[in-house]
Amino acid sequence: MAVNKGNRSPVESFSDMVKEFGEAISKIFSDPELKKKAKDFAKSTEDSAKAFGKRFKDEGVKEKFGDFGKAARDFGNDVAVYFKDDKDKGEDISQKEYEWEKKLDEKMKNFGERTKKVGQEIGSKMEKVGDDVNRYFKDSRGGRITGYSFAIMWSVVFLVLFNFYSKYIAYYSYDGIWHRHEILTANFSQWLPIVTTALAVSVVGNILLIIYDGYFFRQIIHIVLNLFGLAAIISLLTIFPFDFTVFPRDLTGILNPIVIVVLILVVIGTSIDTIVRFVKMIVNAAKAS
């Protein structure tokens, strides 16, 4: 019966296509010849599997598999021996490295001991030289005169610097030309008379010591010079004529405490020296009497 396909919808056409495909597959699997071929193929496959299984029972096949197993076992033994040799080699290398490090440690230890010994010898020699120099300047007339001369020289240098060239105590920057940024403030003029007096007294006192430096006279002069020095340093701490904001970065928070601590340490050291000299002078005066 002819079907008019002109008015059929796509859904109906797709349904017919699926139906016809199913009928074709059914006819293929219901074909007696195809069924016979499939049965023969299944039987052939079964026979082949049985034959393959029987081959594992043959002595020749068993022997071949035995040879294969032996070869695999030998390969495994060779690998184990190889890695064992590497391990032994590694242990030998580790032992050699350990012995080398031990020798190196001994050499470094010997070097450190020799260096320590040499350092101690140099230190003792330098200490002896320092004692000799100190003894020369303290115990010999020539050494003390040399010390007085250096004290006069430095006092004169600072007198000239503070009174005539104080503006050159500054921070210098360069950007094609040199710029000077003065560190000392206007308060420096308040401190200048005090330090000038202390330096002038130092010059006069050391000149007197060059002329005569008997023990008691020397102690008195040093105590007087220390007192003037203390007055100058303490007044410097009080006035503090420094301005560190002229540096590229404002270092006021760093330099102010550093300068203060240094000046305080100088005050403490000078005070201790003054007290020690005074006590020694009293003790020696008591012994002399």
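The values are calculated or read from the model by the stated rules, or taken from the named source; none is laboratory data. What you are looking at is a predicted structure, and each value in this text was computed from that prediction instead of being measured. Cβ coordinates were reconstructed from backbone atoms using ideal geometry, including for glycine residues, and neighbour counts include every protein chain displayed.
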### Message
Let me confirm something: among ILE254, ILE234, which residue is more than 23 Å from PRO193 (Cα to Cα), in a helix (DSSP H, G or I) and β-branched (Val, Ile, Thr)?
### Response
ILE254
### Query
For segment 237-251, which residues satisfy the criterion of being in a helix (DSSP H, G or I) and either modelled with pLDDT under 95 or touching a strand residue (DSSP E or B) at 6+ places or on another chain (Cβ under 8 Å) (or both)?
PHE244, THR245, VAL246
